[in-house]
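Trainee: Below: one structure in structure tokens.
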Amino acid sequence: MTTPGFRPTHVVPPHGMPAWEAPDPARPTVPLDPLLPVRLMERRGDWGRVLCSNGWSAWVDGRYLVAVPQDPPRSDAPLATAADPRPLLGRAEQALARYRAAVEELADAGLDGESFRRRTHGLRIGVVVDGEDVWLYDPARERWLYGDGNRLSTYATDRAPEAAEAQDQDHTATRIVNPDRGSR
């Protein structure tokens, strides 16, 4: 169940994060999943109370939350092959079908917990649709993309900036040249 009008202000860091029932380290609760969109509701020093899209809230170390822009980028450009959301939507649909099949087999006692973990290991899916807006997670490139119905653009990435740039461009090896000494 999603809370009506939920708008995330942050996402959980790429490795997830611990959570607490109250701003008290003695009261841990279920940790938050990596890249989970959350809304920061309250701050108390380093503590932050977050609200998840399903209405569940918890306290976290607010210093580690990753802020997201409030206004996603929009484009009036026509659909471009590289920015076409359909292939990524298709891959997300296939991954979700694989996950659902594993859940159904687990529920029917056809899988034990370890077999379920093996079957779903490495499976990452991320899709948020809000009217014409869509956020898709691209696990191959470790990034979230935003689409407004016309095209996709990178919204957030798990990789360091150098790695994110290199994944989209084919750079040949270069040498640093010092004009006084020649190439190194």
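Read-outs: derived from the displayed coordinates by stated rules, not from any lab. Everything numeric here is computed off the predicted structure, so don't read it as measured data. With ideal geometry, Cβ positions are generated from the backbone for all residues, glycine too; neighbour counts draw on all protein chains shown.
Trainee: Suppose R0 equals 25 Å. What FRET efficiency, 1/(1 + (r/R0)^6) with r the Cβ-Cβ distance, do ARG39 and ASN150 give to the nearest 0.05? List each step's numbers first, then the result.
Mentor: Details: r = 27 Å, r/R0 = 1.07.
According to the calculation, E is roughly 0.40.
Trainee: Under 5 Å between amide H atoms, partner at least 5 residues away or on a different chain: which partners does LEU111 have, H built in plane at 1.01 Å?
Mentor: Residues meeting the criterion, in which the H sits 1.01 Å from N, are LEU106.
Trainee: Once both labels are modelled 7 Å past Cα along the beta-carbon direction, what's the ARG27-ILE125 spacing in nm?
Mentor: Calculated label separation equals 3.4 nm.
Trainee: Would you please calculate the Kirkwood hydrodynamic radius of segment 89-146 over all C-alpha pairs and express it in Å, rounded to one decimal? Walk me through the numbers on the way to the answer.
Mentor: Working: mean 1/r = 0.0795 Å⁻¹.
Kirkwood hydrodynamic radius for segment 89-146: 12.6 Å.
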